[in-house]
There are 2 protein chains.
Amino acid sequence: MTAKPAAACRGVSEILSRVGDKWTILVVVAIQSGSLRFNGIKRQVHGISQQMLTRTLKALERDGMVERTVHPSTPPQVEYTLTPLGHSLSDTVRKLADWAAGHHGVIEDNRHRYDAQQAR
Amino acid sequence: MTAKPAAACRGVSEILSRVGDKWTILVVVAIQSGSLRFNGIKRQVHGISQQMLTRTLKALERDGMVERTVHPSTPPQVEYTLTPLGHSLSDTVRKLADWAAGHHGVIEDNRHRYDAQQAR
DNA sequence: CTGCATCCATTCGGATACTG
DNA sequence: CAGTATCCGAATGGATGCAG
């Protein structure tokens, strides 16, 4: 697995495209603590439009990351829960999150320095 | 670090946007084995346009992930090398890559099943 | 060889309005 | 409450031509 065949690279790129979009991670993080309803997620993930939430949830459901459960009541309730696969992704991403949190300051500093240098 | 403050989430999202774009990871992987020249990278990362390579390298340089060394010769040669920060990112992403490689098949299967279900 | 500028097609993401 | 459909602006990414 130290080698990196082209096929794996494409797969990784595809996963990263999914995961790296604007909302996926935030939604996953919101759900991971337990099941949540549509507007519950919307409240928790501040700034997301309801359409983006719909799209993101659908994509995650399609990938088997979240499970969608409809409770036929009035008003209708829909619960979203992270599947084992979703939790698995969440754990993996958390490591990247830790890295990001740990290096975010350095990176911002680098950017600032770079921009200052360009201005000269 | 088990808690997830909003600030960290934003930072992670920003990092993921960087890393999750179409080419960054592939370029990083290409360079990690050793320093490479511009067209060397272009050859290795198949399908990348030269402008996307320019943009990606610049972004990485700005973030302090790669170092750019110009050898003033004729014709000019420019070497790109991964910095320690870049290697650090590379290692972290490799874990995500392993996850992706390990679950890619399952995810594709899930998608196929979902699509079939929708068609009914 | 390396890199920048321009143009253009496609995609992404947000706001809004409407349905069950 | 949950979800769909439409419109539109912004951003992404590719092709090409030009310059150092």
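Values quoted throughout were computed directly from the atomic coordinates according to the rules given, and no laboratory measurement underlies them. Please read all numbers here as calculations on a predicted model, not as lab measurements. Methodologically, a virtual Cβ is constructed for each residue, glycine included, from the backbone with ideal geometry; neighbour enumeration extends over all protein chains shown.
Miscellaneous remarks
- Total formal charge among the other residues, if their Cβ is under 11 angstrom from that of B:PHE38, Lys/Arg +1 and Asp/Glu -1: +3
- Per-residue Karplus couplings for the stretch B:27-39, computed as 6.51 cos²θ - 1.76 cosθ + 1.60 with θ equal to phi - 60°, are listed in order as 5, 4, 4, 5, 7, 4, 6, x, 6, 9, 8, 3, 5 Hz, Gly and Pro entered as x.
- About the centre of its Cα atoms, the stretch B:9-119 shows a dipole size close to 260 debye [charges on the beta carbon of Lys, Arg (+1) and Asp, Glu (-1) only; nearest 20 debye].
- Cα gyration tensor, the stretch B:9-119 - rounded (a/c under 1.5), prolate or oblate: prolate
- Shown for A:GLN51: label points 7 Å from Cα along the beta-carbon vector, and their distances to the equivalent points in the other copies, 2.7 nm in ascending order.
- Helical content of the protein assembly as shown, expressed as a calculated mean residue ellipticity at 222 nm, amounts to -22000 deg cm²/dmol (DSSP H runs of 4 or more residues, -39,500 (n - 2.57) each, divided by residue number, nearest 500).
- Put simply, the amide H of B:GLN77, placed in the peptide plane, has neighbours under 5 Å in B:HIS71, leaving out anything fewer than 5 places away on its chain.
- Amide hydrogen neighbours beyond the local backbone of A:LEU82, cut-off 5 Å, H modeled: A:GLU67
- Within the listed set A:SER73, A:SER13, A:SER88, the residue fluctuating most in the Gaussian network model of chain A (springs between alpha-carbon atoms under 10 angstrom) is A:SER73.
- Between copies, the label points of A:GLN77, set 7 Å from Cα on the Cα→Cβ line, lie 6.8 nm apart, reported in increasing order to one decimal in nanometres.
- Pairwise centroid distance, computed over Cα atoms, of the stretch A:66-104 with the stretch A:16-32, Å: 8 Å
- Label-point distances for B:GLY102 to the equivalent site in the other copies, using a point 7 angstrom along Cα→C-beta, read 1.9 nm when ranked shortest first.
- Taking the axis that rotates chain B onto chain A, the chain B residue nearest to it by Cβ, with the distance rounded to whole Å, is B:GLY20, 1.
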